[in-house]
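Each reported figure results from applying straightforward, stated rules to the coordinates on display, with no laboratory input. All figures in this text were calculated on a predicted structure; none of them were measured in a lab. Ideal geometry is used to build each Cβ from the backbone, glycine not excepted, and the neighbour counts take in all protein chains shown.
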């Protein structure tokens, strides 16, 4: 009897439950997966969106919409008037920023709506476009998939291979607001109708474009950022006489994994000296010349250490020249010498540009491959 009463009560409750309102059909929605901003030839803001197309009768997999506007928020209404369905934000995968815009203005204020509106996706990748954003947005990716997915997968796979950084909207916001670091963003371009990751863009603290790092420099940047959760690939070219080979064959490639760091900070008369010791375990992945490792192992290790130190020093000099700190050294100084940090925090980039920074790598060959 009790069981019957329970079933009857459940049925009555279900009959009283109201529906969720009007049904929403996915083919009538425009999910904005990529947003992009750039300056046109007249230095006016242009906003682009990429949305997937779910309508079975449509021949294209996605739709690109653009409009000239003064702000991204204002552009939303203008773009909405050009689309057949309701725009749905909150699923964004990528935010593209044209290099031309960054060379003239700080892009951060233009992105304010993305940080302020809680419906927006803060894990979207922020990417700098070398060239025009229009070229990237209208690249034919029919053989690879929808443009938004192609860009997202390209950035993620390149970061996993440690040839560029991966910076989300949330991380970009932190880099802009934190006095101990300056922004570093993936940089892409089009090449023969292909989208490629060119390397990493470094920004000044004011959000404007500073300089560019190629893929090798980007790998070194990731190493100095202490981000070794993924293996870091490097290829070095040595003087051919060092290992009695010729110019074309004097290459060694290796992967770095789980490096260990030891920092030493010293302020003397407001001059900073930063010593960085790195314990760097490596796996050899390529050696294009003959070498008896049993007899010449120490020589090879020393050559790699010297070249690694040389290339790290060159990268540091480049950062100092443009007065940027993509490494986050300021974050470390703040955590370990707060008293001196408070004296320099408002002028950190200039202090670092004048600092003495020494990198001392200690290389350990862990693997030479399956056969020798």
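Here are a few things to note about the model shown:
- Of the peptides 213-226, 347-360, 188-201, the ranking by mean beta-carbon count within 10 Å, highest at the top, reads 213-226, 188-201, 347-360.
- Shown is the FRET efficiency for residue 339 and residue 367, computed with R0 = 35 Å from the Cβ-Cβ distance and rounded to the nearest 0.05: 0.20.
- Helix axis angle, 215-224 relative to the chain longest principal axis, alpha carbon, degrees: 80 degrees
- Euclidean distance between Cα centres, segment 289-335 to segment 106-159, Å: 31 Å
- When DSSP beta bridges are restricted to pairs lying wholly in the chain, around 65% turn out antiparallel.
- Cut-off 18 Å, label 7 Å out along Cα→Cβ of residue 275, residues of segment 336-370 by amide N: 336-337, 355-363
- Our estimate of slack between residue 64 and residue 260, defined as 0.36 nm per intervening residue step minus the Cα-Cα distance, is 66.0 nm.
- Max mean-square fluctuation residue, GNM over the chain, Cα-Cα springs under 10 Å, options 33, 169, 284: 284
- As a proxy for reagent exposure, 69, 186, 157, 253 were ordered by neighbouring Cβ count within 10 angstrom, fewest first; the result is 157, 253, 69, 186.
- Proxy reagent accessibility, fewest Cβ within 10 Å first, across 202, 234: 234, 202
- Relative contact order [Cα under 8 Å, 6+ residues apart], the chain, whole percent: 12 percent
- MRE, 222 nm, helices only [DSSP H, n ≥ 4, -39500 (n - 2.57), over the chain, to nearest 500]: -10000 deg cm²/dmol
- Here Rg/Rh (Cα atoms, Kirkwood Rh) was computed from the coordinates, and among (1) 0.95; (2) 1.10; (3) 1.00 the match is (2).
- For segment 226-372, share of DSSP beta bridges that run antiparallel, in % to the nearest 5: 65 percent
- If R0 is 22 Å, the Cβ-Cβ spacing of residue 103 and residue 157 corresponds to a FRET efficiency of close to 0.20.
- Between 0 and 90°, nearest 10: helix 2-16 axis offset from the chain longest Cα axis: 90 degrees
- From least to most packed, judged by other beta carbons within 10 angstrom and beginning with the fewest, 362, 258 follow the order 258, 362.
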